[in-house]
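Following: one structure in structure tokens, then a few remarks.
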Amino acid sequence: MSGIGSIGRLDAGAAALRARLEVLTRQMSDGRKGPGYGDIAPEARRAIDLRADMARREAWEGTISRALARTEVTQKALGRMSDIATQFYEEAILIDGTSEERISAVAAQAKAALSEFASLLNERYAGEYLFGGSDGANPPIPDPENIASSGFATDIAAAVAGLGGGNAAAVAAATLAAASSDAAGTTPFSAFLSDPALGLTEPRRSVPAAEGERVGYGVFANRNATATSEGETTGSWARDILRGLATLAAMDPSQAALGTDFTDLIATVRDGMRSAIDAIGEERGALGVTEQRLETTAQRHSEVSVALAGQLASIEEVDMAETISRLQNTKTQLEASYNAIALVSGLTLTQFLR
């Protein structure tokens, strides 16, 4: 009976070895200590915390990446708007006292530029209007193609048409009032952006970049985000450019004969464009600083996530070299156990036959 007891003990030992071999084989296959948190006790709570931290950082990296994609498109649109302002600033220098043909050509170019500029303010990324504030589904300028016939443009044209008799300052004031207006029927901007309770006062679009940290990056079509416009201005570089373009588009070649009235009004356009160019440059610079900040923050999240992944791996994953060695040893022990069972079984049968 002692032989039968030995076989039982050997069988139990072999079963334990088989179970260990199964665990080691799975660990070598997936590299993990086990499928459940019980397999990594007492470090399970720490592993949960590490995974949660990594998930948060991954989410922040994702939101930052999407924001940076938007700012890249925004920067390109701002660059083209600055080019337009620069072009007509230079035209406003050259047009002083020049021929009627040049005035006519500049007026036609300004009318076309009005539409292009309005379309740039309707720039989109991934289906969202970048300059529309939180109303990303609707265009900031509802009818860019016909902006030259919008209320503000026709008001400016009417004021320019009345130029003469020493009233250049009054005409400039009228163009300023038209470009500054948020009244329905006058402003070319959407009802949302023009509403003091909505888009006209809402904060910039921002992105959650870290715990308790939001970074503003949005730029508005009808008001400055971070820039400060100087001089005789509407307070908005976009409105100033629209005002200047609409004024140039309304010029009649015959008005060159008005002398100082004409040159004074053109000087107002020139100063407005100069102010707008400076403000766009300030806007782009501030947005560039924001982009750099977001990129640095995303890099920090990435680096911390790598460190956290290393800590998590030390908790959840096995040492592969050690696992392979243990697997080989277990296989050897199991083979020896089978041999021992076979030997004891043979001896027991011999003893029984005696």
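The values are calculated or read from the model by the stated rules, or taken from the named source; none is laboratory data. Quantities reported herein were computed from a predicted structural model and do not represent experimental measurements. Note that we place each Cβ from the backbone using ideal geometry, even for glycine, and neighbour counts take in every protein chain shown.
Test Thr71 against the stated conditions and say whether it is outside any loop (DSSP other than H, G, I, E, B), touching a residue at least 12 places away in the same chain (Cβ under 8 Å), crowded, with 20+ Cβ neighbours inside 10 Å and of a type in the set (Ser, Thr, Tyr). Write out each step before concluding.
On the way: outside any loop (DSSP other than H, G, I, E, B): yes; touching a residue at least 12 places away in the same chain (Cβ under 8 Å): yes; crowded, with 20+ Cβ neighbours inside 10 Å: yes; of a type in the set (Ser, Thr, Tyr): yes.
Against the criterion (outside any loop (DSSP other than H, G, I, E, B), touching a residue at least 12 places away in the same chain (Cβ under 8 Å), crowded, with 20+ Cβ neighbours inside 10 Å and of a type in the set (Ser, Thr, Tyr)), Thr71 qualifies.
If only one of Ala184, Ala158 is within 17 Å of Ala221 (Cα to Cα) and either without any contact (Cβ under 8 Å) to a residue 24 or more places away in the chain or within 34 Å of the chain's Cα centre (by Cα) (or both), which one is it?
Numbers: Ala158 fails: within 17 Å of Ala221 (Cα to Cα).
One residue alone meets the criteria, Ala184.
Of all residues in the stretch 235-266, count the ones that are among the small types (Gly, Ala, Ser) and either modelled with pLDDT under 95 or not assigned by TED's automatic domain parsing to the domain that holds Pro140 (or both). I'd like the intermediate steps shown before the answer.
Initially, the stretch 235-266 is screened for residues among the small types (Gly, Ala, Ser), giving 235-236, 238, 244, 246, 249-250, 254, 256-257, 259.
From the residues that got through so far, the ones that are either modelled with pLDDT under 95 or not assigned by TED's automatic domain parsing to the domain that holds Pro140 (or both) too are 254, 256-257, 259.
Result for the stretch 235-266: 4.
Could you tell me whether any residue of the stretch 202-213 is surrounded by fewer than 16 Cβ atoms within 10 Å (Cβ to Cβ), modelled with pLDDT of 95 or more and part of a loop (DSSP other than H, G, I, E, B)?
Yes: one or more hits.
Would the stretch 107-124 turn up any residue that is part of a loop (DSSP other than H, G, I, E, B) and out of contact with any Asp or Glu (no Cβ under 8 Å at 6 or more places or on another chain)? Give the steps one after another, and end with the answer.
Narrowing the stretch 107-124 to residues part of a loop (DSSP other than H, G, I, E, B): 122-123.
If we keep only those that are out of contact with any Asp or Glu (no Cβ under 8 Å at 6 or more places or on another chain) as well, we get 122-123.
For the stretch 107-124, residues part of a loop (DSSP other than H, G, I, E, B) and out of contact with any Asp or Glu (no Cβ under 8 Å at 6 or more places or on another chain): present.
Filter the stretch 172-201 down to the residues that are surrounded by 15 or more Cβ atoms within 10 Å (Cβ to Cβ) and over 20 Å from Ser134 (Cβ atoms) and list them by number.
Ala172, Ala174, Thr175, Leu176, Ala177, Ala178, Ala179, Ser180, Ser181, Thr186
Is it true that Ala112 is exposed (fewer than 14 other Cβ atoms within 10 Å of the Cβ) and at pLDDT 95 or above?
Working: exposed (fewer than 14 other Cβ atoms within 10 Å of the Cβ): yes; at pLDDT 95 or above: yes.
The answer is yes for Ala112.
Here are some conditions: (1) of a type in the set (Asp, Glu); (2) modelled with pLDDT of 70 or more; (3) within 30 Å of Ala55 (Cβ to Cβ). Glu335 meets all but one. Which one does it not meet?
Only one criterion in (1) of a type in the set (Asp, Glu); (2) modelled with pLDDT of 70 or more; (3) within 30 Å of Ala55 (Cβ to Cβ) is unmet by Glu335, namely (3).
Please indicate, with yes or no, whether at least one residue in the stretch 313-323 is modelled with pLDDT under 85, in contact with a strand residue (DSSP E or B) (Cβ under 9 Å, 6 or more places away or on another chain), crowded, with 19+ Cβ neighbours inside 10 Å and assigned to a helix (DSSP H, G or I).
Within the stretch 313-323, one or more residues are modelled with pLDDT under 85, in contact with a strand residue (DSSP E or B) (Cβ under 9 Å, 6 or more places away or on another chain), crowded, with 19+ Cβ neighbours inside 10 Å and assigned to a helix (DSSP H, G or I).
Is it the case that Gly79 is out of contact with any Phe, Trp or Tyr (no Cβ under 9 Å at 6 or more places or on another chain), free of Cβ contacts under 8 Å to residues at least 60 places away in the same chain, assigned to a helix (DSSP H, G or I) and over 19 Å from Ala249 (Cβ atoms)?
no
When the stretch 218-240 is examined, which residues are found to be assigned to a helix (DSSP H, G or I) and closer than 13 Å to Ala178 by Cα? Outline the logic, then answer.
Taking the stretch 218-240 first, the residues assigned to a helix (DSSP H, G or I) are 237-240.
Residues satisfying the conditions are Arg239, Asp240.
Note down all Cβ pairs under 9 Å where the first residue falls in the stretch 207-219 and is over 23 Å from Ala279 (Cβ atoms), the second is polar (S, T, N, Q) and part of a strand (DSSP E or B), and they're at least six residues apart or on different chains.
Arg214/Ser206
Taking the options Ile95, Ile84, name whichever one is assigned by TED's automatic domain parsing to the domain that holds Ala191, within 22 Å of Gly285 (Cα to Cα) and β-branched (Val, Ile, Thr).
Numbers: Ile95 fails: within 22 Å of Gly285 (Cα to Cα).
After applying the criteria, what remains is Ile84.
So Gly133 passes all but one of these: (1) part of a loop (DSSP other than H, G, I, E, B); (2) exposed (fewer than 14 other Cβ atoms within 10 Å of the Cβ). Which condition number does it fail?
Condition not satisfied by Gly133: (2).
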